[in-house]
Amino acid sequence: MNIPGLPPIELAPGPQIRAVHDELHGDLLELSMGPHHPSTHGVFRMVVTLDGETVVKLKPVFGYLHRNHEKIAEATSYLASMPYTDRLDYLCSMTNNWAYALAVERLSGQAVPERAEYVRVILAELTRLLNHTCLAGFLLQDGGASGTPLMYAFREREKILDLFESLSGSRMMCNYQRFGGCRADPSPDWLAAASTLAEGYGRFLDEYEALLTGNEILMARTQGIGRLSPKLAVSAGVTGPMLRATGVGYDVRKVDGYGVYPRFPFRVPVGAHGDVYDRYMVRILEMRESIGILRQALRDIPAGPILDPKSKQRGLRPKAGEVYSRIEGPKGEIGFFLISDGGPNPYRYRVRPPSLVNLTILEDMCLGQSIADSVVILGSVDIVLGEVDR
Amino acid sequence: MLGIGLLQGLAVTARNFLGSFHDPKRFVTVQYPEERTRLPEAYRNFPFLVSESAEDPMGTLRCVACQICEKECPPQCIYIEKSRDKKPDAGGRPQIYPAVFDIDIAVCMSCQICVEVCPFDAIKMDQVFELAATDRFGGLVLDRHALAKPNSYFQQVHPAEAADVDERLAAARRAAEEKARAAAAAKLAPPRPAPAPKPPAAQSAEAQKPSPPAA
């Protein structure tokens, strides 16, 4: 299966199906993991065919958490969809808000004040810290390290959530971004608290890495597991840390340069092997870069309005047209595709969820691995079912 | 050497475990029902209706049943019926009031859009979060009597925002009074070709515009 103009695609070896009653080897076992399984990060089901402990076939089944998000958005006003975007990837509501606000701003031609752009960058990087910290904790939890790494991660996450709560009024369902800016102006106290957090986060990462990065059990469980080739990753549309772990340095913050990101020098960490350990490492390094971006943004944030005075929230009727806008969410490229027919509701509203696209190659990564490793591989994909099923 | 990483990790957990014995700041958990953290001022969960006085909440609701929040509410959890008669509002003008104002807080998703779109500062976000009810329908569908809370309560939960709102409303009231006085003066004075005083009217319209709530 090759596409003209693209390098040939390497497919993982297909399932080796044996005769059902093979007296020497025994039967294949079809196992349904989920939808209520503690390792599947929500209501997600993997139908795994096992030869002994080896995965020979894996079928991801999702849709249990489908909430009709896109259709609801097509029946309501542009503003009314904003709180629903919080509920896509409920760990990263700030970046979801931003991606949606960006789409509507481009569709209706609204400008964003500079202070709001800085605040958006600060919040997006805080979200990245929050998401990657949680992911590391969940990954270790999936690997069997019950409690300690996850609790340390949640201890730090709580500090970021406190910042979100004092700014937006809610810990997770922030509903903070608006078309043409943000809803509330961060006070000097808030910015000082964010600076303190950014300064202290490096110390936490050092502690966390001392706990995990050199840990022999973690290395044995993750190195060489769930390899993904760069070619397959690119052709499947995988984005975010998953793609960068395979060695492809693709980051929408660099490629598109949306917002005020071009003003901040930062590096894009890439992996070399594309295995679970690289995915973990890329996220840790990304967090360190995020701290650098936070420092610069908090230092340079200008005074001024947070919401454009000419911005319009209610009764928005953009000119007929379509727009696709994307940002680099913590999980990958999150995009919103909107078509307007000039009415008060979008004619078509489509989310490009990074979790769903990254999940499509789960089988390719799991074939030939043991069933216990498939849990770790799923953990390293970093899915949130709210976004996969929408 | 194999095992160094493990020992390093153990040192980290040991530091965290032993550290909590001599440094109380390391205790990050709060024993909830006995201990409570202070909620940030911006915290929101469900809306309430602001009334001017605590004694007569139904008579002094700021809500004029314009139904903008009902229209804009994303999950459509607000139900309003307009009154047939009019009651004098805080400024003394006769106004329509909500005969029925229900919010189904089982449906409400605490997004604050009703607060943002309200031009009359009549609906604000509450901070009460201990709302367990034994009855799904009676306990979680709040009518206007359950939703009404006095302005003094609003000043208590969101002091900065309430001060802002009070100032804005006071300015609007002053402008309206001035306008009424000017109109009365114009009636008393002999008819002149001079135009009616416009600026106070414009100012009052300005003051009535919705503005983004403070953090």
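The values are calculated or read from the model by the stated rules, or taken from the named source; none is laboratory data. Quantities reported herein were computed from a predicted structural model and do not represent experimental measurements. Cβ atoms come from the backbone with ideal geometry, glycine included; neighbour counts cover every protein chain shown.
Which one of the conditions (1) out of contact with any helix residue (DSSP H, G or I) (no Cβ under 8 Å at 6 or more places or on another chain); (2) closer than 21 Å to A:Glu328 by Cβ; (3) of a type in the set (Lys, Arg) does A:Arg87 fail to meet, given that it meets all the rest?
It fails just one condition, (1).
What single numbered condition from (1) in contact (Cβ under 8 Å) with a residue 40 or more places away in the chain; (2) within 17 Å of the chain's Cα centre (by Cα) fails to hold for A:Arg352?
Among (1) in contact (Cβ under 8 Å) with a residue 40 or more places away in the chain; (2) within 17 Å of the chain's Cα centre (by Cα), the lone unmet condition for A:Arg352 is (1).
Here's the yes/no breakdown for (1) part of a helix (DSSP H, G or I); (2) modelled with pLDDT under 85; (3) away from chain A (no Cβ under 14 Å):
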{"residue": "B:Glu70", "(1), (2), (3)": "yes, no, no"}
{"residue": "B:Ala99", "(1), (2), (3)": "no, no, yes"}
{"residue": "B:Val107", "(1), (2), (3)": "no, no, no"}
{"residue": "B:Leu169", "(1), (2), (3)": "yes, yes, yes"}
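Per-residue answers, yes or no, for (1) closer than 25 Å to A:Ala184 by Cβ; (2) away from every other protein chain (no Cβ under 14 Å); (3) not hydroxyl-bearing (Ser, Thr, Tyr):
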residue	(1), (2), (3)
B:Arg26	no, no, yes
B:Gln31	no, yes, yes
B:Arg36	yes, yes, yes
B:Leu39	yes, no, yes
B:Pro47	yes, no, yes
B:Val50	yes, yes, yes
B:Val64	no, yes, yes
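Checking B:Ala14 against (1) within 14 Å of chain A (Cβ to nearest Cβ); (2) farther than 30 Å from B:Ala132 by Cβ; (3) among the hydrophobic types (A, V, I, L, M, F, W, C); (4) touching a residue at least 12 places away in the same chain (Cβ under 8 Å), which test does it fail?
(4)
Is it the case, given these coordinates, that B:Phe48 is closer than 30 Å to A:Ile217 by Cα and either assigned to a helix (DSSP H, G or I) or touching a residue at least 60 places away in the same chain (Cβ under 8 Å) (or both)?
Numbers: closer than 30 Å to A:Ile217 by Cα: no; either assigned to a helix (DSSP H, G or I) or touching a residue at least 60 places away in the same chain (Cβ under 8 Å) (or both): yes.
Here the answer is no, as B:Phe48 does not meet what is asked.
Failed condition for A:Ile72, given (1) closer than 30 Å to A:Ile225 by Cβ; (2) surrounded by fewer than 20 Cβ atoms within 10 Å (Cβ to Cβ); (3) of a type in the set (Val, Ile, Thr), with all others met?
Only one criterion is unmet by A:Ile72, namely (1).
Would you kindly identify the strands (runs of 3 or more DSSP E) lying entirely within the range A:321-381 that contain at least 1 residues that are under 30 Å from A:Ala145 (Cα atoms) and not polar (S, T, N, Q)?
A:321-329, A:332-340
For the range A:176-187, check the following and say yes or no: at least one residue is under 30 Å from A:Ser325 (Cα atoms), among the charged types (D, E, K, R) and part of a strand (DSSP E or B).
Applying the first criterion (under 30 Å from A:Ser325 (Cα atoms)) to the range A:176-187 yields A:176-187.
With among the charged types (D, E, K, R) added as a condition, the list becomes A:178, A:183, A:185.
Still in the running and part of a strand (DSSP E or B): A:178.
Yes.
I'd like the full set of residues that are under 27 Å from A:Gly343 (Cα atoms) and either out of contact with any helix residue (DSSP H, G or I) (no Cβ under 6 Å at 6 or more places or on another chain) or of a type in the set (A, V, I, L, M) (or both), limited to the range A:283-313.
A:Leu307, A:Asp308, A:Pro309, A:Lys310, A:Ser311, A:Lys312
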